[in-house]
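In what follows, a single structure is set out as structure tokens and then discussed.
Each value in this text was obtained by applying a stated rule to the coordinates, not by laboratory testing. In this text, all values refer to a predicted model and were calculated from it rather than measured experimentally. FYI the Cβ positions are ideal-geometry reconstructions off the backbone, even for glycines, and counts take in every protein chain you see.
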Amino acid sequence: MNNELPLVQIFTDGACSGNPGPGGWGTVLRFRSTEKELSGGEKATTNNRMELTAVIEGLKALNKPCRVTVTTDSKYVCDAVTKRWVYSWRSNGWKKADKKPALNTDLWEMLLPLLEKHEVSFEWIKGHNGHPENERCDALAVAQSQKHA
């Protein structure tokens, strides 16, 4: 771990009305006492795509390498990275252990270089459980999903 890199916290959430359906994502970035909110959405998407997009957009917003803690309520994103499944999928031609195609490969291919640029750790939290930043990200994501309905 490089303690000379700036430490940034990124909180993320995705939402989807129907799965697939209109969706949104929300991200809160925190560096020291400064916060920045980002959000967006799509007309036809899935919850997992929005969860991944929230992480990608948060990391893309960083203009230099950082130490990053990503806090997410997405087991899909957190486990795929921390349990290294995504690296196996990639090395197996985007096939999972059961030989079925991995989903959202376009987004995983966007995320992986960002994980190499930054020192990223993931923290999973239970969603809709009163975590202030997760609740804020959820509100951003839901608002965007409603805009795209």
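When the helices of the chain are scored as -39500 (n - 2.57) per DSSP H run of n ≥ 4 and the total is divided over every residue, the value at 222 nm lands at -12000 deg cm²/dmol. Using a cut-off of under 14 Å, list every residue of segment 94-110 whose amide N is near the label point 7 Å from the Cα of LYS83 along the Cα-to-beta-carbon line. So the set is 96-98.
With both residues required to sit in segment 31-146, DSSP beta bridges show an antiparallel share near 25%. If you take the Cα centroid of segment 85-137 and the Cα centroid of segment 13-37, the two points sit 15 Å apart. The ARG32 and LYS75 beta-carbon pair, evaluated with R₀ = 22 Å, returns a calculated FRET efficiency of approximately 0.15. Judged by the mean number of other Cβ atoms found within 10 Å, the most tightly packed of the peptides 77-85, 51-59 leads the ranking 51-59, 77-85. When the alpha carbon gyration tensor of the chain is reduced to an equivalent ellipsoid, the three semi-axes, largest first, read 22, 22, 13 Å. Taking every lysine pair in the chain that is 8 or more places apart or spans two chains, those with Cα atoms closer than 16 Å amount to 9. Our coupling estimate for segment 68-74, obtained by passing each phi through the Karplus curve with A = 6.51, B = -1.76, C = 1.60 and θ = phi - 60°, is 10, 10, 9, 9, 9, 9, 8 Hz, Gly and Pro reported as x.
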